[in-house]
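Scroll down for the structure; my scribbles are underneath it.
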Amino acid sequence: MAESIFPADFLWGGAIAANQAEGAYLEGGKGITTVDMIPHGKDRMAVKLGVEKRFALRDDEFYPSHGAIDFYHRYKEDIALMAEMGFTVFRTSIAWSRIFPNGDEQQPNAAGIAFYRDLFSECKKYGIEPLVTLCHFDVPMHLVREYGSWRSRKMVEFFTHYARTCFEAFDGLVKYWLTFNEINIMLHSPFSGAGLVFEKDDNKEQVKYQAAHHELVASALATKIAHEVNPENQVGCMLAGGNFYPYSCRPEDVWAALEKDRENLFFIDVQARGAYPSYARRLFKEKGIVVEMEPGDSDILKDTVDFVSFSYYASRCASADMNDNNSNAANIVKSLKNPYIEASEWGWGIDPLGLRITMNMMYDRYQKPLFLVENGLGAKDVVNEKGEINDDYRISYLREHIKAMGEAIEDGIPVMGYTSWGCIDLVSASTGEMSKRYGFVYVDRDDQGNGTLARTRKKSFHWYKKVIASNGMDLD
Ligand code: BG6
């Protein structure tokens, strides 16, 4: 029998995030976070971008994160479903405000620690490795109100204290860690990405890159602490990935695509290579940015990550003439529409070869193992009269992307694993919808929060189980 191109220890699984799945937003002593302030509906984007300051909840709005899919109470049932598919890895995040409700306390909240110990132990019971993000789009609101979130250097202290607390509390249960989810998204969606809210006279670029510096220092320190607590710990950075293609071979378009790629890769350049990239100097000069650094920061940044993780949904396209009117946000990052590829119902381009291109570019640049920690198709599912969900479109998307990842492995790239996004339906980060579904498991809940929350296996559930059992050989 032919051998799989996927290594024998390749990790197969799925990914969720605390704020999009757990719900129970004030239970177990949890504090309120940025994402809890982001409503469903017309004001959502303005709040996410940090242009509308929303520091108090309103009675007339629906907040999808508050109940989400109630993973907080149902995680045992959900992990059992993941185990049934044969998962060997499960990616989730810790809600910072379950551990430190305000974010600046010295002592952690015991109920928060207990919840995650139980959750990770449940994974281990089935031989599933947890892959844990420390911050996935949720900063405690107290830190936003009191310190301006990542504008403040104090955040480095709060985050590293939180990180150390987690590494120590979950030692022996978790060895794969990510510091910040899609760290580059803070440039594109500053409030949801980093808790940033803007004042009228702010130089937004200045605020964002100063905050980025604080996150990068915090990430490097957390990486160092993780290794001190347990040398077995492996820490990754996390990029919202997808290469920019030049819209044409006009040199100006090629240059525009290169600049757009650099905008996102800036973060990973620091986290994986240990220093600011050479192009940063000119970028900052042209944007009028002066990043305040403390003596010793450049040494701190030398603590690089063990692996580079990334999400990939779509490739992107840029030209020199790109502007807000001719571009669209696919996964928050603005892109021109690529006429050569199909798009999802939400306009996200479907491009499996783009995944292979992205992976090759990343490995050429970083020479560190890659981990594809998010990939999938957001689509509307229909439950038929027999109660089945026949999501062939999702199977087809995943099949083609897994094949492309296999090609990247054949290209010589070490890949640690694959966690498809939203392995169980959850709240969409961009739109707040439940109807934008990614899961192998259907959750009965609608965009307004109605439904029984019952879980149902989709057709893709049975398909993915075969993929895992065959180590990626059986994709039919
Ligand atoms: C990534 C995020 O941006 O894409 C996830 O890390 C998010 O939190 C995912 O859910 C898919 O995006 P969306 O907007 O379809 O939920």
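The values are calculated or read from the model by the stated rules, or taken from the named source; none is laboratory data. Since the model is a prediction, treat every value here as computed from it, not as a measurement. Cβ atoms come from the backbone with ideal geometry, glycine included; neighbour counts cover every protein chain shown. What goes into the accessible areas is simple: the full protein's heavy atoms, side chains included, and nothing from ligands, DNA or RNA. Shrake-Rupley method; radii C 1.70, N 1.55, O 1.52, S 1.80 Å.
Under a 1.4 Å probe, what is the accessible area of region 1-93 per residue, stated in Å²?
On the way: 3560 Å² over 93 residues.
Dividing the accessible area of region 1-93 by its residue count gives 38 Å².
Could you sort Leu131, Leu475 by their accessible area in this structure, using a 1.4 Å probe and putting the largest first?
Ranked from most to least accessible, the order is Leu475, Leu131.
Among beta bridges identified by DSSP and lying wholly in region 11-469, the antiparallel ones come to about 20 percent. For Lys175, the lysines whose Cα falls under 16 Å of its own Cα, not counting residues fewer than eight places away in the same chain, are Lys124, Lys125, Lys224. Note on Lys48: lysines with a C-alpha under 29 Å away, same-chain residues under 8 apart excluded, are Lys30, Lys154, Lys200, Lys204, Lys208, Lys260, Lys285, Lys287, Lys334, Lys337, Lys380, Lys436.
For region 325-390, state which GluC sites (Glu not before Pro) are in a DSSP loop and have at most 16 other beta carbons lying within 10 Å of their beta carbon. Please report the intermediate quantities before stating the final value.
On the way: sites: Glu342, Glu345, Glu374, Glu385, Glu388; in loops: Glu342, Glu345, Glu385, Glu388.
Passing both the DSSP loop test and the Cβ count: Glu342, Glu345, Glu385, Glu388.
Averaging the Cα positions of each part gives two centres, and for region 378-407 and region 63-84 these lie 21 Å apart. Give the separation of the Cα centroids, region 301-337 to region 215-271, in Å. Result: 11 Å between the Cα centres. Take the Cα of Lys337, go 7 Å toward its beta carbon, and the backbone nitrogen atoms of region 222-262 under 19 Å from that spot belong to 245-248. Taking each DSSP H run with n ≥ 4 as -39500 (n - 2.57) and averaging over every residue of the chain yields -11500 deg cm²/dmol at 222 nm. Each Lys and Arg Cβ is given +1 and each Asp and Glu Cβ -1; about its Cα centre, region 424-475 then shows a dipole of about 280 debye. In this view, the solvent-accessible surface of Glu182, computed with a 1.4 Å probe and all protein chains in place, comes to about 10 Å².
In region 11-469, carbon and sulfur make up what percent of the accessible area (probe 1.4 Å)?
50 percent
Each residue, Lys287 and Lys224, gets one label point 7 Å from its Cα in the Cβ direction; the gap between the two is 2.6 nm.
State, as an integer percentage, the relative contact order of region 11-469 based on alpha-carbon contacts under 8 Å between residues 6 or more apart.
Numbers: 958 pairs, mean separation 77.3, N = 459.
Over region 11-469, the number comes to 17 percent.
For region 202-282, applying the loop criterion from DSSP together with a ceiling of 16 other beta carbons within 10 Å to the GluC sites (Glu not before Pro) yields Glu232. Entry comment: accessible area of region 193-276 is 37 Å² per residue, from protein heavy atoms only and a probe of 1.4 Å.
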